[in-house]
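Q: To start, I am sharing the structure in question, which I have written as structure tokens.
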Amino acid sequence: MSQLNTPHGGQLVDCYLSGPALAAARTEALACPSWDLSERQLCDLELLLDGSFSPLTGFMGRADYERVVGEMRLANGLLFPMPITLDVGETFAASLKTGTSIALRDAEGVLIALLDVSDIWTPDRVAEAKAVFGTDDPAHPGVAYLLRRAGPVYVGGRLRGVQAPHHYDFAVDRKTPRQLREQFAAQGWQRIVAFQTRNPMHRAHMELTLRAARQAEANLLINPVVGMTKPGDIDHYSRVRCYEHLLKHYPAQSTALSLLGLAMRMGGPREALWHMVIRKNLGCTHFIVGRDHAGPGKDSQGADFYGPYAAQELALKHAGELGITVLPFEEMVYLENRDAYAPVSEVTPADTVLSISGTEVRRRLMTGAEIPAWFSYPEVVAELRKTHPPRQDQGFVVFFTGLSGAGKSTIANALQIKLLELGGRRVTMLDGDHVRKMLSSELGFSREHRDLNILRIGFVASEIAKHGGIAVCAPIAPYAATRARVRELVTQAGGGFIEVHVSTSLEVCEQRDRKGLYAKARAGLIKEFTGISDPYEAPEAPELALDTAELSVEQAAHGIVLKLEALGYLA
Ligand code: PPS
């Protein structure tokens, strides 16, 4: 098994141009239509260009795509489990022709590559989700992306790389397949076990990786994903600092760290195979597949999407064909009586098993509770605590939603005063009317404008929460999907999100009609008025619902304070 070979026996792909071809491509790009890549597309592009996805030489064309979706094979029969496609909008697609090229640019407009378009087609994305992920349930992050975020048209073709995407963070730890292979060769490493992770590593992971390396009599490559992982994961900056601490505890001569800018799909078994293809391309000979590898979490019924060992089974089935040895690993647990870690199957009735789940770690970070040294090295825990302070020190957003006249602003004002009275925190008010004057004065009340208005509020609120402040927002926010986007924005920024539905009925709001707007709306003088001539989608699972027909302002505001205390946001 030659180290220089890709899983398919060919040479590592290198899409980058050089010399006169590079200069010509830069000039050619000036006349090409430009596509601004999404974060995920940029991740895919980087790994296509540097050969991590060998034998792919570009975004998949239709024939490759269809066979990959159906059979996990490229049109030429080579095993490749994940469709790697460039999704675009309909308008942009309509401006394209096969045989022409597109300039692919990053978010700042920097030219990364030219795509020579060979295929343009509209895929059946629901069928793709079912075939690739085994489900079309949007609780699966890969499905949610495919059905809700991805553009409806795919464009395939060969790539001509102009410039690798630039990374300002951890630049020396991001190695291309070529750089890693050179490093292995220079160190005389011939057997290399790769460990994939999207989580901070604790002692159990360290024990597992050491065991795997010993078992294979091999060196170890810790190869964490720093592209896109599962929404809600710990950010990669914190994780990489944790890995760097942990690395000091490994045998220095036999362990290396390299960061992988992969955009994961959380595709379980298929994703495990994809990870193997990548690691083979990186020059690794062995790959650890643990329990529930690249697992997407629970489905909307609360059940697992894949069996816990489904990924291991599929990985083992195809390992020979890919030319990489799979090291299936069970969960490792701590045995207090032996002061040692062991795989669950080696536990005897005499052992006292201690374990802390990922959820429990998050809870302890949230509450500031102790995380014992048997579980994680203190410097790793300290690193996590820096970016994940206990809830009472975290920023959060109280997001009111409800009909005009429901009482949102009145309760929000009362809440702001109560929070200021409690002291020690900074509070920003983003009231509907106020925002419309200061941030959204040019917007009307069409769905598009309302969404933009709410996303602006969400953006500002997420920034406030990110910096430890409290944002109190009180727009109507009639659309559930937009509110969900705001929740995502805030939680991804590390803030808490408390949705308060001011559920006062339309009848009561209309009867009050403090601003006289309902009368005008009924008379047709105001168009698209929420509740009258425009929809209001009531929240299904708000943190709190308050009806001002039944509660005084004082009671409602106090109810929110109690909720915030119960959730741990107020000391
Ligand atoms: S939205 O849908 O969330 O963007 O609305 P929002 O920014 O909260 O603005 C709502 C306030 O604007 C006044 N107003 C209208 N509301 C709903 N529909 C229409 N067509 C409309 N036109 C003006 C109204 O006073 C809302 O204030 P509140 O405080 O909710 O009564």
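The values are calculated or read from the model by the stated rules, or taken from the named source; none is laboratory data. Computed from a predicted model, the values in this text were never measured in an experiment. When we count neighbours, we look across all protein chains shown, and the Cβ atoms used for this are built from the backbone with ideal geometry, even at glycine.
Q: Specify which of the listed residues (I464, I532) is surrounded by 17 or more Cβ atoms within 10 Å (Cβ to Cβ) and within 16 Å of the ligand (Cβ to nearest atom). Explain how you work it out, then say what you get.
A: On the way: I464 fails: within 16 Å of the ligand (Cβ to nearest atom).
Only one candidate qualifies: I532.
Q: Right, another one. If I ask for residues that are under 19 Å from G99 (Cβ atoms) and in contact (Cβ under 8 Å) with a residue 60 or more places away in the chain, which ones from the range 31-45 would you list?
A: Here is the first cut: in the range 31-45, the residues under 19 Å from G99 (Cβ atoms) are 31-35.
C32, P33, S34, W35 - these are the residues of the range 31-45 that are under 19 Å from G99 (Cβ atoms) and in contact (Cβ under 8 Å) with a residue 60 or more places away in the chain.
Q: If I ask for residues that are of a type outside the set (G, A, S) and surrounded by 12 or more Cβ atoms within 10 Å (Cβ to Cβ), which ones from the range 19-38 would you list? Before the answer, list the steps.
A: If we filter the range 19-38 for residues that are of a type outside the set (G, A, S), which is where we start, we get 20, 22, 26-28, 30, 32-33, 35-37.
Passing the criteria: L22, R26, E28, C32, P33, W35, D36, L37.
Q: Also: Would it be correct to say that G151 is surrounded by 23 or more Cβ atoms within 10 Å (Cβ to Cβ) and either in a strand (DSSP E or B) or not assigned by TED's automatic domain parsing to the domain that holds V326 (or both)? Walk me through how you get there before you give the answer.
A: Working: surrounded by 23 or more Cβ atoms within 10 Å (Cβ to Cβ): no; either in a strand (DSSP E or B) or not assigned by TED's automatic domain parsing to the domain that holds V326 (or both): yes.
Against the criterion (surrounded by 23 or more Cβ atoms within 10 Å (Cβ to Cβ) and either in a strand (DSSP E or B) or not assigned by TED's automatic domain parsing to the domain that holds V326 (or both)), G151 does not qualify.
Q: Same structure, new question: When you go through I84, I102 one by one, which is the residue that is assigned by TED's automatic domain parsing to the domain that holds E46, of a type outside the set (F, W, Y) and not in a loop (DSSP other than H, G, I, E, B)? I'd like the intermediate steps shown before the answer.
A: Details: I84 fails: not in a loop (DSSP other than H, G, I, E, B).
Only one candidate qualifies: I102.
Q: Then there's this: Here is a list: A107, A144. Which entry is touching a residue at least 24 places away in the same chain (Cβ under 8 Å), assigned by TED's automatic domain parsing to the domain that holds F59 and either among the aliphatic types (A, V, I, L, M) or in a loop (DSSP other than H, G, I, E, B) (or both)?
A: On the way: A144 fails: touching a residue at least 24 places away in the same chain (Cβ under 8 Å).
After applying the criteria, what remains is A107.
Q: Out of all the residues in the range 320-339, which are without any contact (Cβ under 8 Å) to a residue 60 or more places away in the chain, out of contact with any helix residue (DSSP H, G or I) (no Cβ under 7 Å at 6 or more places or on another chain) and not polar (S, T, N, Q)?
A: Answer for the range 320-339, where residues must be without any contact (Cβ under 8 Å) to a residue 60 or more places away in the chain, out of contact with any helix residue (DSSP H, G or I) (no Cβ under 7 Å at 6 or more places or on another chain) and not polar (S, T, N, Q): G320, L335, E336, R338, D339.
Q: Got at least one residue in the range 307-314 being assigned to a strand (DSSP E or B) and modelled with pLDDT under 95? Walk me through it before giving the result.
A: Of all residues in the range 307-314, those assigned to a strand (DSSP E or B) come to none.
No.
Q: Residue check: is E488 more than 13 Å from the ligand (Cβ to nearest atom) and over 24 Å from P138 (Cα atoms)? Full working, then the answer.
A: Values: more than 13 Å from the ligand (Cβ to nearest atom): yes; over 24 Å from P138 (Cα atoms): no.
Judged against the criteria, E488 is not a match.
Q: Scan the range 494-518 for residues that are within 13 Å of the ligand (Cβ to nearest atom) and among the small types (G, A, S) and jot them down.
A: The one that is within 13 Å of the ligand (Cβ to nearest atom) and among the small types (G, A, S): G516.
Q: Hey, another quick one. Among all residue pairs at least 6 apart or on different chains, which show Cβ distances below 6 Å where the first residue, located in the range 394-420, is in the same structural domain as K563 (by TED's automatic domain parsing) and more than 15 Å from L544 (Cβ to Cβ) and the second is acidic (D, E) and within 16 Å of the ligand (Cβ to nearest atom)?
A: Once the first residue is in the same structural domain as K563 (by TED's automatic domain parsing) and more than 15 Å from L544 (Cβ to Cβ) and sits in the range 394-420, its partners that are acidic (D, E) and within 16 Å of the ligand (Cβ to nearest atom) give S409/D431.
Q: Could you pull out every one of the helices (runs of 4 or more DSSP H) wholly within the range 368-450 that has 1 or more residues that are closer than 19 Å to K563 by Cβ, within 13 Å of the ligand (Cβ to nearest atom) and small (G, A, S)?
A: Working: elements: 378-387, 408-422, 432-438.
So the answer is 408-422.
Q: Could we say that A373 is assigned by TED's automatic domain parsing to the domain that holds M201, hydrophobic (A, V, I, L, M, F, W, C), surrounded by fewer than 19 Cβ atoms within 10 Å (Cβ to Cβ) and under 24 Å from the mean Cα position of the chain (by Cα) here? Even if it seems obvious, please write down each step before you answer.
A: On the way: assigned by TED's automatic domain parsing to the domain that holds M201: yes; hydrophobic (A, V, I, L, M, F, W, C): yes; surrounded by fewer than 19 Cβ atoms within 10 Å (Cβ to Cβ): yes; under 24 Å from the mean Cα position of the chain (by Cα): no.
When the stated conditions are applied, A373 does not pass them.
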